[in-house]
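The values are calculated or read from the model by the stated rules, or taken from the named source; none is laboratory data. Small disclaimer: the values here were computed from a predicted structure and weren't measured. With ideal geometry, Cβ positions are generated from the backbone for all residues, glycine too; neighbour counts draw on all protein chains shown. Side chains included, ligands, DNA and RNA excluded: accessible areas come from the protein's heavy atoms. Shrake-Rupley method; radii C 1.70, N 1.55, O 1.52, S 1.80 Å.
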Amino acid sequence: MSEIGVGLLGLGSVGSGVIDLLFENQSKIVSRLGAPLSVTRVCVRDMAKKRTVPLKGVEITDDPMAVIRDPSVKIVCELIGGTKEAKTLVIEALKAGKHVVTANKALLAEHAEEIFGTAKKHGVDVYYEGAVAGGIPIIRTLREGLAADRIESIHGIVNGTSNFILSLMADGQSSFAEALASAQKSGFAEADPSLDIGGGDAAHKLSILVTLAFGVHIPPHKIHREGIQTIGSTDFKFAERFGFAIKPLAIAKEHGKHGIEARVHPTLVPKHWLLASVPDAKNALYVRSFALGSSMYYGAGAGGMPTAMAVISDLIEVARNITSKSEGRLPARSFQDIKSATIYPDENVTSRFYCRLSLRDKPGVLGKITNILGEYSVSIAQLIQEDRTPQETAGEFASVIVLTHATKVLQFKKAMADIENLEDCLTKPVVLRVVQ
Ligand code: HSE
């Protein structure tokens with residue numbers, strides 16, 4: 001069977017991984033596909049940069065349109081990232097009748113309608129396994145493996161950088177700033193790391209997962225999100241005492257006609273949950289579905305080689321569609337028609353809460369706190385105040401840690417607003433939800 005030509009846009013760590021892995025596993029790939037899969041053209045930003053990957057027989061250009069227009073290119077693989085130039089090029093490729101493989105979660109989450117709509121109009125495929133949880137085949141799992149099932153909820157660690165930072169802080173190895181610097185050095189943090197630590201990257205990924213799981217679209221900016229920046233090293237100590245780890249979760253649940261709940265925030269996870277033990281920059285997804293029950297998917301969620309593996313698996317799938325003339329056989333987003341979602345309001349969500357308060361250490365202050373919580377029907381499950389540390393003594397404050405029973409987010413927020421207004425409440429409380 002004749003060779004399937006691939007045009008690569010971008011030769012960063014994932015693009016280089018694609019070249020390396022195609023070279024390394026070519027014979028396995030040919031025997032699986034029944035035809036050679038070859039990168040024929042690559043577009044790079046800097047033509048003068050020395051490359052270490054095997055590029056023999058590959059034409060290098062700095063003109064992306066030369067890749068898209070090349071008749072030998074049947075699949076355009078977009079690995080430049082970002083949402084501006086990448087969007088223009090992906091749309092151009094689709095209009096030119098080229099199939100697209102991309103790992104660009106921001107692009108797909110923010111411009112889903114336009115990209116998938118253009119692909120449908122031009123009868124071409126868009127595959128994107130590398131966009132969520134890197135090398136873990138979660139997109140294929142939701143779209144194909146669980147196609148017969150009804151997904152009830154997803155709890156995922158989908159941002160490796162946040163998991164890495166929280167894991168290092170939990171081990172007492174690093175401060176937040178040191179852990180972030182180390183994540184940036186390792187290469188898996190976004191160019192703008194506020195997307196990682198603020199929950200934006202996880203919201204992009206959750207938006208894609210929600211569509212695949214429930215057949216509806218929630219734009220990423222409508223997903224409730226909280227970052228990990230406010231967590232201090234003492235929070236790990238107290239979470240541990242209550243029996244929890246702190247993990248960066250992306251959560252989506254279906255509430256029937258009341259809509260879809262979708263949120264991203266650092267979360268207290270019971271130590272006995274598998275998600276609590278997902279270490280370092282690893283990703284994992286815990287899916288509950290009607291027929292299968294619970295299932296869990298774990299692996300590398302970032303990095304050149306794992307993401308390149310997901311990208312090449314997509315190239316193989318698209319090449320199979322081309323050789324069997326079955327393009328468009330799989331709905332790219334799992335369902336034939338995607339509706340816009342009814343969003344289950346975050347304020348109606350029920351959760352237990354952990355909160356760390358810095359309070360003036362004098363008689364009656366604790367009474368005021370418990371009174372306010374009681375006024376809003378927030379019930380306390382556990383409360384800790386230890387002897388003041390030298391730091392607390394110097395600052396004349398005491399840390400009080402409260403773990404509540406389940407309460408409505410709205411009630412808890414109202415109580416916290418009143419507590420924050422007390423003159424005895426010295427800094428903004430650290431508030432974390434407990435997983436449900
Ligand atoms: N910045 C992302 C992460 C890279 O840390 O998970 C993979 O999408």
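For segment 191-234, a residue qualifies if it is of a type outside the set (Gly, Ala, Ser), crowded, with 18+ Cβ neighbours inside 10 Å and assigned to a loop (DSSP other than H, G, I, E, B), and the qualifying residues are Ile218, Ile223, Ile228, Ile231.
Taking the condition of being small (Gly, Ala, Ser), more than 16 Å from the ligand (Cβ to nearest atom) and over 24 Å from His99 (Cα atoms), how many residues in segment 280-336 meet it?
Step one: of segment 280-336, the residues small (Gly, Ala, Ser) are 281, 284, 289, 291, 293-295, 299-304, 308, 310, 313, 319, 324, 326, 328, 332, 334.
Now drop any that are not more than 16 Å from the ligand (Cβ to nearest atom), which leaves 289, 291, 293-295, 313, 319, 324, 326, 328, 332, 334.
Going one step further and asking which of them are over 24 Å from His99 (Cα atoms), we end up with 289, 291, 293-295.
The number of residues fulfilling the criteria is 5.
Tell me the residue from Ser13, Ser2 that is open to solvent by 60 Å² or more (accessible area, probe 1.4 Å) and within 21 Å of Thr307 (Cβ to Cβ), please. Being open to solvent by 60 Å² or more (accessible area, probe 1.4 Å) and within 21 Å of Thr307 (Cβ to Cβ) holds for just one of Ser13, Ser2, which is Ser13. Set side by side, the residues Arg45, Arg32, Arg51 differ, and just one is in contact with an Asp or Glu (Cβ under 9 Å, 6 or more places away or on another chain) and open to solvent by 50 Å² or more (accessible area, probe 1.4 Å), which is Arg45.
The single condition among (1) more than 21 Å from the chain's Cα centre (by Cα); (2) under 30 Å from Trp273 (Cβ atoms) that Ala106 does not meet is (1). Remark: pairs (first residue in segment 292-307, surrounded by fewer than 19 Cβ atoms within 10 Å (Cβ to Cβ); second residue not in a strand (DSSP E or B); Cβ separation under 6 Å; 6+ apart in sequence or on different chains) = Leu292/Asp149; Met296/Leu274; Tyr297/Ile136; Tyr297/Ile138; Gly299/Gly135; Gly299/Ile136; Met305/Gly17.
Among what's in segment 165-183 and is among the polar types (S, T, N, Q) and open to solvent by less than 50 Å² (accessible area, probe 1.4 Å), pick the residue that is farthest from Pro306 (Cα to Cα). It would help to see each step written out before you state the result.
If we filter segment 165-183 for residues that are among the polar types (S, T, N, Q), which is where we start, we get 167, 173-175, 182.
Narrowing further to those that are open to solvent by less than 50 Å² (accessible area, probe 1.4 Å): 167, 174, 182.
Working: Ser167: 21, Ser174: 26, Ser182: 20 Å.
Here the answer is Ser174.
Taken residue by residue, segment 302-317 has at least one member that is assigned to a loop (DSSP other than H, G, I, E, B) and either assigned by TED's automatic domain parsing to the domain that holds His405 or touching a Phe, Trp or Tyr at 6+ places or on another chain (Cβ under 8 Å) (or both). Tell me which residues, restricted to segment 84-132, are closer than 25 Å to Leu195 by Cβ, open to solvent by 10 Å² or more (accessible area, probe 1.4 Å) and charged (D, E, K, R). Those that are closer than 25 Å to Leu195 by Cβ, open to solvent by 10 Å² or more (accessible area, probe 1.4 Å) and charged (D, E, K, R): Lys84, Glu85, Lys87, Lys105, Glu110, Glu113, Glu114. Here Leu268 clears all of (1) in contact with a Ser or Thr (Cβ under 8 Å, 6 or more places away or on another chain); (2) of a type in the set (A, V, I, L, M); (3) at pLDDT 95 or above except the condition numbered (1). Inside segment 393-433, residues that are over 10 Å from Leu359 (Cα atoms) and modelled with pLDDT under 95 make up a count of 3.
Can you pull out the residues in segment 67-117 that are more than 16 Å from Gly10 (Cβ to Cβ), free of Cβ contacts under 8 Å to residues at least 60 places away in the same chain and among the aliphatic types (A, V, I, L, M)? Of everything in segment 67-117, those that are more than 16 Å from Gly10 (Cβ to Cβ), free of Cβ contacts under 8 Å to residues at least 60 places away in the same chain and among the aliphatic types (A, V, I, L, M) turn out to be Ile91, Leu94, Ala96, Ile115.
Here Gly81 passes the criteria (1) within 16 Å of the ligand (Cβ to nearest atom); (2) open to solvent by 20 Å² or more (accessible area, probe 1.4 Å); (3) outside any loop (DSSP other than H, G, I, E, B) except the one numbered (3).
Which residues, taken from segment 142-164, are touching a Ser or Thr at 6+ places or on another chain (Cβ under 8 Å), open to solvent by 20 Å² or more (accessible area, probe 1.4 Å) and more than 10 Å from the ligand (Cβ to nearest atom)?
Initial filter on segment 142-164 (touching a Ser or Thr at 6+ places or on another chain (Cβ under 8 Å)): 142-143, 146-147, 149-152, 164.
Remaining after also requiring open to solvent by 20 Å² or more (accessible area, probe 1.4 Å): 147, 149-150, 152, 164.
Of everything in segment 142-164, those that are touching a Ser or Thr at 6+ places or on another chain (Cβ under 8 Å), open to solvent by 20 Å² or more (accessible area, probe 1.4 Å) and more than 10 Å from the ligand (Cβ to nearest atom) turn out to be Ala147, Asp149, Arg150, Glu152.
Going by what's in this entry, would Leu33 be described as under 26 Å from the mean Cα position of the chain (by Cα) and either farther than 26 Å from Asn283 by Cβ or of a type in the set (Val, Ile, Thr) (or both)? It is false that Leu33 is under 26 Å from the mean Cα position of the chain (by Cα) and either farther than 26 Å from Asn283 by Cβ or of a type in the set (Val, Ile, Thr) (or both).
If the condition is being within 16 Å of the ligand (Cβ to nearest atom), modelled with pLDDT of 95 or more and of a type outside the set (Ser, Thr, Tyr), then segment 125-141 contributes Glu129, Gly130, Ala131, Val132, Ala133, Ile136, Pro137, Ile138, Ile139.
Reported count of residues in segment 182-226, each being within 14 Å of the ligand (Cβ to nearest atom) and more than 30 Å from Gln336 (Cα to Cα), is 17.
Tell me yes or no: at least one residue of segment 234-254 is within 16 Å of the ligand (Cβ to nearest atom) and over 19 Å from the mean Cα position of the chain (by Cα). No, segment 234-254 contains no residue that is within 16 Å of the ligand (Cβ to nearest atom) and over 19 Å from the mean Cα position of the chain (by Cα).
Which residues, counting only those in segment 18-29, are surrounded by 19 or more Cβ atoms within 10 Å (Cβ to Cβ) and more than 28 Å from the chain's Cα centre (by Cα)? Of everything in segment 18-29, just one residue is surrounded by 19 or more Cβ atoms within 10 Å (Cβ to Cβ) and more than 28 Å from the chain's Cα centre (by Cα), namely Ile29.
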